[in-house]
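Working notes, beginning with the structure itself.
The values are calculated or read from the model by the stated rules, or taken from the named source; none is laboratory data. On a predicted model such as this, the values are computed, not experimentally measured, just so you know. So basically every Cβ, Gly included, is an ideal-geometry build from the backbone, and we count neighbours across all protein chains shown. The area values use the complete protein model at the heavy-atom level, side chains included, leaving out ligands, DNA and RNA. Shrake-Rupley method; radii C 1.70, N 1.55, O 1.52, S 1.80 Å.
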Amino acid sequence: MRPLLLMLCLAGARAAAQPYEIRAIYDPLPGSTSTQRVILTPGPDGVLPDGGMNHALSRIAVYFKPDEASRNVIRSFSKLKFTLSLGEEKPRSVNLDTAKLDTLTDSELTLVNWKGDWKNTQATRISVGVQAIYSREFLCDQERLLAIHLEEGKKQNPHDDDAQTAITSLSVDDAGVPIETPAPAMDAGTLAAGVDGGTSAAGRSAVAKSTAAPPVSPVPTRMSIRADKDGPLILYSFCRLPKNVRIDFQNLVRGPRNLDYFFFGEEGSDSSAGLLKAHKRALSKLLVERINKAAPSYASTVVDEDEPDYSDSLINVQTTRTFRVLKRVGAWTLLEESGGTLELLPSTNSFGSAKLGPIDQDSDVVFKLHPDVCLQLPPEEMMRSPWSFELEGPNRHDATKTEKLDAVMEFRDGCSRILKVSWKDYFEKEVTFRVIYRVPNQTDLVIFQERFHIYNLGLITTAPVVTEIISASQGSSLKDVEATSTMPLSLAIPVRRNRKSTAAVTFPFTVSFNTRRFPNLANYFALAPSISLIAGGPEEGAEEGKGDVVRVGIGMGVNVARAFHFGYAWTPVDGGRFILLGITVPELLPLFKGL
């Protein structure tokens, strides 16, 4: 399809979609089989990971979309020039002739194979500049339609006839001999193609002709294009002139200056090359204005006036994408804040961990960026799409299932965020925290994963009845060792011979400590100062009426596995001393479940 048809389709429409994508290609690591391709999301200064749990960044490439609309946009260009800057390294360029687009494997053009930059920095800045150079055929079609547009709306300029005559006299063949017979003018069919979009019979015929062969300009008798209403007549053309025909700019410069309607003041008047550049620049500006209004591409079309290979007037589309590649190893850490102190989670590392890190249900988990990352990147770049933070844990309504939730990150300081999670909801359960690079309609790239178990760490205390009241008000899990107290039924064995064994009810106040190494220590052992109600009195020599008195005993003991109490008690009222052997029946039953 000739660019003329593309332009007619785009005329009056919005800008065409970008016909290519910048992609990051991630090759699988051992244990994974699929290659992942991540499309760089729009916007400046994005952050791209250098790999994930199962993938490593392999290369940065350009993918050319296969749909017809995108391919038509590509066909309006003759060459695409990609310039890639990697950190402080010298920029490298990759050029693609659009005629060779179909020879690319999977429609991908590799810009750089990622090997890192070997710098002691956590992020590497990458810039991808794209320069799309319009084809001569496309610009010729634009020039022809511009001439039609100007012809329809212009008023007769008194110099037009003289100018056309001058063009004829200035047209020479390759031998420099003036051409006396003008070349054929633009025919009615070609005019119709530009006016009606190629829908009339004449228009369809012209379109068919235009797709069969490169356009040939009707110079020297073409309709005049002026730099402005009364400006110089533009001699330069992007169309191919008839065979052996060219404009003799050298003769024009050397000739009499009565042909001032070919000159732009002093610009280019001293040499044929300078005059050619002036004419090309003037035509280029008119075409750029037309393209941006009538047939916009995926970005603004500009004239680059610093391209000596193109007579200092190169009509092209330029875009630049900048982003940073984050070296995930050491880029962040997970810390636990409890009791005013920050501690590194024991199993945390930037590749994730299979080991479960115990954390306290009352602590805060802090996500902290490495200082170098924080200095190079705005921390908010890491806290928004496509970066995502996820928690996965047991479903709170169905223990046989898991659920995934978005982790809410609350500001703590410049480089740190707090995971706002009620860890008590996951008491004695396993929770997985993930950092994910998530782009819509693409497979998630898991960058970091940490699993930890929720415990009640630190000092553990219980008190009869009071513990139940407090835990009910706080909504603590019934599995929490601090949520319930014990009340063992004890056998009180007297130390003195004049007493008999009797029953007792013991109310222990337990004190224990759970550590990261032994996060369930309080479930198995606790010191237990106690108050006991001991039945009976002295067996020999008891005063009348006092043999069956219940006495209060004060003692010290230990709780073992919460179900068993071993203690010593003293009754102040009569000096009795007892060894207490107690059992808490509700705590005994769970011990037999695993048998």
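Take the conditions of a type in the set (Asp, Glu), open to solvent by less than 10 Å² (accessible area, probe 1.4 Å) and either under 28 Å from Phe566 (Cβ atoms) or not assigned by the TED database to the domain that holds Val38 (or both) and apply them to Glu450. Does it pass? Yes, satisfied. Under the condition of being open to solvent by 60 Å² or more (accessible area, probe 1.4 Å) and not in a strand (DSSP E or B), the residues counted in the range 488-529 number 11.
For the range 44-82, filtering for residues that are open to solvent by 30 Å² or more (accessible area, probe 1.4 Å), among the hydrophobic types (A, V, I, L, M, F, W, C) and assigned to a strand (DSSP E or B) leaves 1. Restricting the range 314-350 to residues that are hydroxyl-bearing (Ser, Thr, Tyr) and either modelled with pLDDT of 85 or more or part of a strand (DSSP E or B) (or both), the residue that is surrounded by the fewest Cβ atoms within 10 Å (Cβ to Cβ) is Thr341.
Quick one: is Ser485 closer than 30 Å to Arg562 by Cα, in a loop (DSSP other than H, G, I, E, B) and either open to solvent by less than 70 Å² (accessible area, probe 1.4 Å) or touching a residue at least 60 places away in the same chain (Cβ under 8 Å) (or both)? Spelling it out, Ser485 is indeed closer than 30 Å to Arg562 by Cα, in a loop (DSSP other than H, G, I, E, B) and either open to solvent by less than 70 Å² (accessible area, probe 1.4 Å) or touching a residue at least 60 places away in the same chain (Cβ under 8 Å) (or both). Within the range 293-313, the set of residues being more than 28 Å from Ser272 (Cα to Cα) and either of a type in the set (Asp, Glu) or surrounded by 15 or more Cβ atoms within 10 Å (Cβ to Cβ) (or both) comprises Ala294, Ala295, Pro296, Ser297, Tyr298, Ala299. Taken residue by residue, the range 64-74 has no member that is modelled with pLDDT under 85 and over 23 Å from Leu145 (Cα atoms).
The residue that is nearest to Phe427 (Cα to Cα), counting only those in the range 396-412 that are loosely packed, with under 11 Cβ neighbours inside 10 Å and of a type outside the set (D, E, K, R), is Ala399. Every condition in (1) over 14 Å from Phe323 (Cα atoms); (2) open to solvent by 30 Å² or more (accessible area, probe 1.4 Å); (3) among the small types (Gly, Ala, Ser); (4) touching a strand residue (DSSP E or B) at 6+ places or on another chain (Cβ under 7 Å) holds for Ser107 except the one numbered (2). Does Val112 satisfy being free of Cβ contacts under 8 Å to residues at least 24 places away in the same chain, open to solvent by less than 70 Å² (accessible area, probe 1.4 Å) and either closer than 14 Å to Val130 by Cα or within 26 Å of the chain's Cα centre (by Cα) (or both)? The answer is no for Val112.
For Ser85, state whether it is outside any strand (DSSP E or B) and either at pLDDT 80 or above or out of contact with any strand residue (DSSP E or B) (no Cβ under 9 Å at 6 or more places or on another chain) (or both). Considered against the rule, which asks whether it is outside any strand (DSSP E or B) and either at pLDDT 80 or above or out of contact with any strand residue (DSSP E or B) (no Cβ under 9 Å at 6 or more places or on another chain) (or both), Ser85 comes out as no. For the range 317-336, the set of residues classified as touching a residue at least 60 places away in the same chain (Cβ under 8 Å) and out of contact with any Leu (no Cβ under 6 Å at 6 or more places or on another chain) consists of Val317, Gln318, Thr319, Thr320, Arg321, Thr322, Arg324, Leu326, Lys327, Arg328, Gly330, Ala331, listed by residue number. Annotation note: Cβ proximity below 8 Å between a residue of the range 503-520 that is assigned by the TED database to the domain that holds Val549 and a residue that is aromatic (Phe, Trp, Tyr) (sequence gap 6+ or interchain) occurs for Ala504/Phe578; Ser512/Phe525; Asn514/Tyr455; Pro519/Tyr455; Asn520/Tyr455. Please specify each residue of the range 116-137 satisfying the condition of being aromatic (Phe, Trp, Tyr) and either part of a strand (DSSP E or B) or closer than 14 Å to Leu283 by Cα (or both). Hit for the range 116-137 is Tyr134, nothing else.
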